[in-house]
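**Student:** Can you read through this structure? Questions will come right after.
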Amino acid sequence: MRSLTSERFQQLLLNATGETLYMVLLAALFTVAIGLPVGVLLFLTRPQGILPNRGVSWLLNALVNTGRALPFVVLLIALIPFTRLLVGTTLGSTAAIVPITLGAFPFFARIVENALDEVDRGRIEAVVSMGGTLWHIVSRVLLPEALPALVAGITLTIVMLIGFSAMAGVVGGGGLGDLAIRYGYQRFDNQIMAATIVVLLALVMLIQKLGDRLVRSLAYRR
């Protein structure tokens, strides 16, 4: 089989990297937008929480546990009808954002719950004693105090999303995973396979380094 020219190789790799970044960034945005309120509700409504509600707590825990228990590849295939209904297609980077987000937000929601659990109870009680509302507790105590842990959780989630975006290539999701499958695996092009692995590793290392630096900065300011 004829090998790719240098220009074609670079163009394919550049396009695939751009698609991966597009999927990961948008999926991260939606994951945080969904996972953060779910995680806050998990913390508030549990039996020992500020706003205990057994029914809501059970429902949220069942949703999060189910989402975390399903292997992403299985979820990816199971959500094909829903993805088609939502975006009109199951192929391409935009379509892949749907299962990536739904696969990641339960993980992030649990991270949020654990981060809030580390907040000093004394600060919460102080706000309550001063007549603070639930909104005051969440917005002025819980989230600000847990911010370093939340940023660390977002970093961890984005790294996981990079892996999810690669797996989305199995069903034509685009990005580096799709490039590795179509050219590296199906066409036995070791150069493409090695290049996609290197780029994925570089993305993970860069995101982790930036996230760790931001966490240290936030922790120092406190």
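The values are calculated or read from the model by the stated rules, or taken from the named source; none is laboratory data. This is a predicted model, so every value here is computed, not measured. Note that each Cβ is placed from the backbone with ideal geometry, even for glycine, and that neighbours are counted across all protein chains shown. Ligands, DNA and RNA are stripped out before the accessible areas are found, and what is left, the full protein with its side chains, is counted by its heavy atoms. Shrake-Rupley method; radii C 1.70, N 1.55, O 1.52, S 1.80 Å.
**Student:** When both residues are 6+ apart or on different chains and their Cβ atoms are under 8 Å apart, which pairs have a first residue that lies in the range 195-222 and is open to solvent by 60 Å² or more (accessible area, probe 1.4 Å), and a second that is polar (S, T, N, Q)?
**Tutor:** Filtered contacts from the range 195-222: 208/155; 210/155; 212/155; 214/155.
**Student:** If you don't mind, there's one more thing I want to ask. Name the residue that is nearest to residue 204 (Cα to Cα), counting only residues in the range 147-165 that are surrounded by fewer than 22 Cβ atoms within 10 Å (Cβ to Cβ) and among the small types (Gly, Ala, Ser).
**Tutor:** Once the filter is applied, the top-ranked residue is 163.
**Student:** Would you tally the residues in the range 48-67 being surrounded by 13 or more Cβ atoms within 10 Å (Cβ to Cβ) and free of Cβ contacts under 8 Å to residues at least 60 places away in the same chain?
**Tutor:** 10
**Student:** Take the conditions in contact with a Phe, Trp or Tyr (Cβ under 8 Å, 6 or more places away or on another chain), buried (at least 16 other Cβ atoms within 10 Å of the Cβ) and closer than 21 Å to residue 206 by Cα and apply them to residue 100. Does it pass?
**Tutor:** yes
**Student:** Here's a follow-up. So which residues in the range 54-75 are under 19 Å from residue 111 (Cβ atoms) and not in a helix (DSSP H, G or I), if there are any at all?
**Tutor:** 70, the sole residue that qualifies.
**Student:** Counting just the residues of the range 148-190 that are out of contact with any Phe, Trp or Tyr (no Cβ under 7 Å at 6 or more places or on another chain) and of a type in the set (S, T, N, Q), which one comes out nearest to residue 73 (Cα to Cα)?
**Tutor:** 165
**Student:** Might you let me know whether the range 169-178 holds any residue that is under 29 Å from residue 88 (Cβ atoms), over 18 Å from the mean Cα position of the chain (by Cα) and of a type in the set (Asp, Glu)?
**Tutor:** Yes, the conditions are met somewhere in the range 169-178.
**Student:** Also, I was wondering about something else. Give the number of residues within the range 85-97 that are hydroxyl-bearing (Ser, Thr, Tyr), surrounded by fewer than 18 Cβ atoms within 10 Å (Cβ to Cβ) and closer than 13 Å to residue 169 by Cβ.
**Tutor:** Of the residues in the range 85-97, 0 are hydroxyl-bearing (Ser, Thr, Tyr), surrounded by fewer than 18 Cβ atoms within 10 Å (Cβ to Cβ) and closer than 13 Å to residue 169 by Cβ.
**Student:** Here is a further query. Evaluate the following for residue 19: is it open to solvent by less than 20 Å² (accessible area, probe 1.4 Å) and among the charged types (D, E, K, R)?
**Tutor:** Judged against the criteria, residue 19 is not a match.
**Student:** Is it the case that some residue within the range 172-183 is farther than 27 Å from residue 80 by Cα and either small (Gly, Ala, Ser) or buried (at least 20 other Cβ atoms within 10 Å of the Cβ) (or both)?
**Tutor:** No, the conditions are met nowhere in the range 172-183.
**Student:** Answer yes if at least one residue in the range 115-132 is over 30 Å from residue 73 (Cα atoms) and of a type in the set (Lys, Arg), and no otherwise.
**Tutor:** Checked the range 115-132: at least one residue is over 30 Å from residue 73 (Cα atoms) and of a type in the set (Lys, Arg).
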